[in-house]
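The values are calculated or read from the model by the stated rules, or taken from the named source; none is laboratory data. These numbers were taken from a predicted model, which means no experiment stands behind them. Cβ: placed from backbone, ideal geometry, glycine included. Neighbour counts: every protein chain shown.
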Amino acid sequence: MTRAAGASGLYSTPDDILRWLSWHLDRFGSKDAEIRLLDHAAYLQRDGLAPVSGFDESGHMDAIGPGWIVMEPHGSMPLILQKAGGLQGIFCYAAFAPTRGVAAFAAINKFDFGASAAMASVVNHMIAELTPR
């Protein structure tokens, strides 16, 4: 078993990711509603952490959920739950606004931190444009 097995042992197709994001956006669906509510909850607020390091690369972290970085609404930006990752030459970013019904997934085949941050910024701003507060 490799050190990264827990982070890289799963593989997804674009259809898998779209189905997964659709599940997260189904805020009026009764099936799995309790699981979705718990999954979208913020469990640890930023002000409870000191120091904070390594959480702001894809947008300012306001809180942490179970597997998500929570970006609270501000200005025209809605609440966004996001997850970024990179391994073996690829960076991926998934973000969604659960109360607005908008999600996005992006990936680049270059292990480049600057490009990854730019990709996340574009996705976050796209979500804000599509779902203004």
Requested in this report: Scan region 97-116 for residues that are more than 16 Å from residue 14 (Cα to Cα) and surrounded by fewer than 17 Cβ atoms within 10 Å (Cβ to Cβ) and jot them down.
Outcome: 99, 101, 110, 111, 112, 113, 114, 115
Query - Pick from region 6-60, criterion of a type in the set (S, T, N, Q) and either in a helix (DSSP H, G or I) or in contact (Cβ under 8 Å) with a residue 60 or more places away in the chain (or both), ranking: nearest to residue 74 (Cα to Cα) - result: 58
Query raised in the report: Restricting to region 72-96, what's the tally of residues that are surrounded by 18 or more Cβ atoms within 10 Å (Cβ to Cβ) and either in a loop (DSSP other than H, G, I, E, B) or under 9 Å from the mean Cα position of the chain (by Cα) (or both)?
Result: 10
Requested in this report: Tally the residues that are out of contact with any Lys or Arg (no Cβ under 6 Å at 6 or more places or on another chain), within 29 Å of residue 33 (Cβ to Cβ) and not small (Gly, Ala, Ser), restricting the search to region 99-133.
Outcome: 12
Query raised in the report: Which of the residues that make up region 48-71 are surrounded by fewer than 21 Cβ atoms within 10 Å (Cβ to Cβ) and among the hydroxyl-bearing types (Ser, Thr, Tyr)?
Result: 53
Query raised in the report: Residues of region 85-133 being at pLDDT 90 or above and of a type in the set (Asp, Glu), which ones?
Result: 129
Query raised in the report: Which condition breaks for residue 57 when tested against (1) touching a strand residue (DSSP E or B) at 6+ places or on another chain (Cβ under 8 Å); (2) modelled with pLDDT of 85 or more; (3) among the charged types (D, E, K, R)?
Result: (2)
